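These notes are about the structure you will find just below.
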Amino acid sequence: MKGCEKYIPFRPIELKGRRWPSNKIEKPPVWCSVDLRDGNQALVDPMNLSEKLEMFKTLCAIGVKEIEVGFPSASETEYEILRALIDGGHIPDDVTVQVLVQAREHLIRKTFDAVEGAKNVIVHFYNSTSALQRKVVFKKDMDGITEIAVAGAKLIKALGDEAMRKSGANIRYEYSPESFMGTEPENAVMICGRVLEELGADKTHKVILNLPSTVENSTPNCFADLIEYFCDNLPGRDATIISLHPHNDRGTAVATAELGMLAGAERIEGTLFGNGERTGNVDIITLALNMFTQAVDPGLDLSDINAIREVYERTTKMQVGPRHPYAGELVFTAFSGSHQDAINKGEEYMRTSRSEYWEIPYLPINPADVGREYEPVIRINSQSGKGGAAFIMTNTFGYKLPKAMHPEFGRVVKRYCDEVGREISADEVMNLFRQEYIDIDGPYMLTAHKFFEESGADETAVRFEGKLKNNGAEPVDISGLGNGPIDAFFNALATVGINGYRFVDYSEHAISIGSDAKAVSYIHLTSPQGKNLFGVGISHNINYASIRGVLCAINRSLVKTP
Ligand code: KIV
Ligand code: ZN
């Protein structure tokens, strides 16, 4: 592809002895949602008041404690929405509302008017600092840009102190050197240091320094180097909370946030499902659940991800893609046979081992932890294998098919999928099972049956007596003695010339069919030609379930070629 020569590659800093690669994320960051500001400003139809309110309440319910609600000096609507939130008493006491403002006097004054009456406020001001923005947009050198930030900080401190004195509100400050990624690191440190001085930041009055990748333009490791450099070189690091605001231009905002946290960041600004300008902001949900799957409690309640998604899609009119991490429609679905098989085995392992850990291949998270269902984990199409069909039978219908039977039933399902040429439903899988194993009533059929126990000198034998019908012929009496019901039945069959079948294996379990409890038994035989044969029998009586299974296997061998 031609034309790449015109792009200027990101110039990474030379960071010697970087420490962040050996760090771990062991606690969650302070979460700040910018859905109502950065997210909202990127919508074709920005949210109206009631949509913003609903989104705000959803964010509070999830447990987000810092929420950027808008840019009240930029538009009347934003101003009014903020007033409605405050005057309507919608802001919980433990939630801080954050308002964004450019570092310009008249806008700062209007912003303070907009937040009057709010209990906890973060006034977030910014100006752009990158070499490109200085050259192209502001036509100022770094001193000129620093003056803007310092003047803004001075005014904010004065107005903030006054507002706190008057109202007792808790007002905190945040500064963003916008386009931080394109700012020379020493300039970023310098301007932020000046802002901290003006705001009188100290350990008890920490100022949030928010370092955005306004446009993501390097690999996440280069960003992490910048953050480690920044934290190491900033005078008064302990008077600050280092916040990140990653955008997703290269599709790596989550990685940028994660590596940035390793490098020292303590706070993350992002949005639900990554909504935001261009390719969006970092997705808070993915980030939080990534932590969750590393055994770190993210401090957010995402246990009903479908409900969060529903509010998000309705209020923003955006859509969550089917492959979106944790929330997409298809992310707990396995089509491929080998994946289905492994999930099936993992499920069984979890059941039998009672492991306290989540150890299921291909499922990095238990879908139930985010309120998703197991049921759609396996979907069946012609790519699916034996494990998929068996999984559906166990998890949706309660039939625990023995392993030896999986390949045969898998072939039945695959053949049907090929015929219909589409994905098939769980009910269709059940219908195939019923047709193949349950609705088999010929050529041989029992019209009567009884078992008797017969005690000999030192052991008990079982006698089977019944009437066997072959197609339309009159039923004949059969009888046999054996060391158990199946053996007795085999011996009875031999008396009418049904022989050559060999018993291989048998398993059974109870099953609830509606409100009825029955026994289901799976019989594995070999035919007189040595072929594997399977049969299923269901009855209230466990002995009868087994002989039905035997008869089912024999009948299938006579009418079907499985
Ligand atoms: O992306 C960005 O840099 C911003 C700032 C205003 C923080 O949204
Ligand atoms: Zn942004």
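The shape of region 325-368 comes out oblate: with a ≥ b ≥ c from the C-alpha gyration tensor, a/c is at least 1.5 while a/b does not beat b/c.
Please list, by residue number, everything in region 334-371 whose backbone N is under 20 Å from a paramagnetic label point 7 Å out along Cα→Cβ of D301. Only 366-371 fall inside the zone, counting backbone N under 20 Å. Radius of gyration over Kirkwood radius for region 49-140, both on Cα atoms: the Rg/Rh ratio is 1.05. Each Lys or Arg adds one and each Asp or Glu takes one away; over the other residues whose Cβ falls under 13 Å from the Cβ of D161, this sums to +3.
Taking R0 as 45 Å, what FRET efficiency do you get between E186 and M164 from their Cβ-Cβ distance, rounded to the nearest 0.05? Efficiency computed from Cβ-Cβ geometry: 0.85.
A compact globular protein would have a Cα radius of gyration near 2.2 N^0.38 Å; the ratio found for region 194-295 is 1.09. A simple spin-label model places pseudo-atoms 7 Å from Cα toward Cβ; at S75 and L558 they are separated by 7.8 nm.
Around N344, with a cut-off of 12 angstrom between Cβ atoms, what is the net charge of the other residues, counting Lys and Arg +1 and Asp and Glu -1? Computed value for this residue: +2. In whole angstrom, region 275-392 maps to an equivalent ellipsoid with semi-axes of 28, 18, 11, each derived as √(5λ) from the alpha carbon gyration tensor and ordered largest first. Accessible-area rank, largest first, for S179, S50, S479: S50, S479, S179, with all protein chains present and a 1.4 angstrom probe. At R0 = 30 Å, how high is the FRET efficiency between L330 and S353 if r is their beta carbon distance? Nearest 0.05 is fine. With a Förster radius of 30 Å, E is 0.60. Checking the Cα-Cα distances for K450/K518; K110/K135; K386/K531 against a 25 Å cut-off, the pairs over it are K110/K135. Once a ≥ b ≥ c are taken as the square roots of the eigenvalues of the Cα gyration tensor of region 453-562, is the result rounded (a/c under 1.5), prolate (a/b larger than b/c) or oblate (a/b not larger than b/c)? Judged from the Cα gyration tensor, region 453-562 comes out rounded (a/c under 1.5). Where in region 190-226 does the label zone of Q294 land, with the point 7 angstrom along Cα→C-beta and an amide N cut-off under 19 Å? So the set is 219-226. Placing unit charges on the Cβ atoms only, positive for Lys and Arg and negative for Asp and Glu, gives the chain a dipole magnitude near 980 debye about its Cα centre.
Ordering of 114-127, 394-407 by packing is 114-127, 394-407, highest average first (other Cβ atoms within 10 Å, averaged per residue). Only protein heavy atoms count here; under a 1.4 Å probe, F292 has an accessible surface of about 80 Å².
Positive-end ranking of L199, S167, A224 along the dipole of region 164-235, with charges on Cβ about the Cα centre, is headed by S167.
Residue ranges 251-258, 501-508, 5-12 sort as 251-258, 501-508, 5-12 when ordered by packing (mean number of other C-beta atoms within 10 Å per residue, highest first).
Let me make sure I get this right: for region 100-184, a, b and c are the square roots of the gyration tensor eigenvalues over alpha carbons, sorted descending. Under 1.5 in a/c it's rounded, otherwise prolate if a/b > b/c, else oblate. Which is it? Verdict is prolate for region 100-184. Label positions at R415 and D202, each projected 7 Å from the Cα along the C-beta direction, are separated by 8.4 nm.
Measuring between alpha carbons in the structure, the pairs from K65/K154; K27/K139; K166/K203 lying more than 30 angstrom apart are K27/K139. Calculation over all alpha carbon pairs of the chain in 10 angstrom steps from 0 returns a P(r) of 3, 15, 20, 16, 11, 9, 9, 8, 5, 3, 0 percent. Net charge in the neighbourhood of A114 (other residues with Cβ under 12 Å of its Cβ; Lys, Arg +1, Asp, Glu -1) is -3.
Work out the length of the dipole vector of region 25-177 about its Cα centre, built from +1 on the beta-carbon of each Lys and Arg and -1 on the beta-carbon of each Asp and Glu, and round it to the nearest 20 debye. I would put it at about 500 debye. Placing a pseudo-label 7 Å from each Cα along the Cα-to-Cβ vector at R19 and D238 gives an inter-label distance of 1.4 nm. Using the Cβ-Cβ distance between I542 and M430 with R0 set to 25 Å, the FRET efficiency from 1/(1 + (r/R0)^6) comes to roughly 0.65.
The values are calculated or read from the model by the stated rules, or taken from the named source; none is laboratory data. Owing to the predicted nature of the structure, the values given are computational and were not obtained by experimental measurement. We place every Cβ from the backbone using ideal geometry, glycine too, and count neighbours over all the protein chains shown. To get the accessible areas, we keep the full protein, side chains included, count just its heavy atoms, and leave off ligands, DNA and RNA. Shrake-Rupley method; radii C 1.70, N 1.55, O 1.52, S 1.80 Å.
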